[in-house]
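Accompanying notes for the structure given below.
The values are calculated or read from the model by the stated rules, or taken from the named source; none is laboratory data. Every value quoted in this text rests on a predicted model; they were computed, and no experiment measured them. Glycine also receives a Cβ, built like all others from the backbone with ideal geometry; neighbour counts cover every protein chain displayed. Please note that ligands, DNA and RNA were not included when accessible areas were found on the heavy atoms of the full protein model with its side chains. Shrake-Rupley method; radii C 1.70, N 1.55, O 1.52, S 1.80 Å.
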Amino acid sequence: QVQVVESGGGLVQPGGSLRLSCSASGSIFSIEVMGWYRQAPGKQRDLVARITSGSSVNYADSVKGRFTISRDNANNTVFLQMNSLKDEDTAVYYCNADLRIIGSDKVYRYWGQGTQVTVAS
């Protein structure tokens with residue numbers, strides 16, 4: 001079994017900062033990619049940022065220069081530092097991990113339950 005758990009969401013004023021954390025645990029052999037997606041009400045779930053095991057990163061254009069993704073491989077944890085937050089960053093943020101479980105060569109995608117980020121004055 002694998003669990004992916006996010007934390008760190010909340011309410012913040014425009015221009016403020018939040019740091020999200022996500023940890024994967026269980027029968028994990030290796031994690032290839034960890035990423036953050038977000039979904040606003042009535043919209044599809046979109047990629048925010050992703051980071052590979054070799055620390056290659058990709059960001060959505062809308063968050064470049066404001067958000068930073070980082071990873072602690074030893075603890076199967078990924079972070080999302082969000083600065084200069086805007087109203088339009090309000091969404092449920094989901095973490096995912098593309099990983100191999102012990103005893104399998106396949107890569108599976110696991111999702112966390114999501115954490116709410118609300119940017120409002």
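Out of all the residues in the range 104-114, which are open to solvent by 40 Å² or more (accessible area, probe 1.4 Å) and in contact with a strand residue (DSSP E or B) (Cβ under 8 Å, 6 or more places away or on another chain)?
Passing the criteria: Lys106, Val107, Tyr108, Arg109, Tyr110, Trp111, Gln113.
Under 7 Å by Cβ, and 6 or more places apart or on different chains, what pairs join a residue from the range 74-87 that is closer than 13 Å to Val5 by Cβ and part of a loop (DSSP other than H, G, I, E, B) with one that is at pLDDT 95 or above and open to solvent by less than 10 Å² (accessible area, probe 1.4 Å)?
Asn76/Ala24
Against the conditions (1) within 20 Å of Tyr108 (Cα to Cα); (2) open to solvent by less than 60 Å² (accessible area, probe 1.4 Å), where does Asn73 fall short? Just the number, please.
(2)
Mind listing just one residue for me: the one in the range 13-27 that is hydroxyl-bearing (Ser, Thr, Tyr) and surrounded by 15 or more Cβ atoms within 10 Å (Cβ to Cβ) and, of those, farthest from Thr90 (Cα to Cα)?
The residue in question is Ser23.
Within the range 47-70, which residues are in a strand (DSSP E or B), among the β-branched types (Val, Ile, Thr) and buried (at least 19 other Cβ atoms within 10 Å of the Cβ)?
Within the range 47-70, Val48, Ile51, Ile69 qualify.
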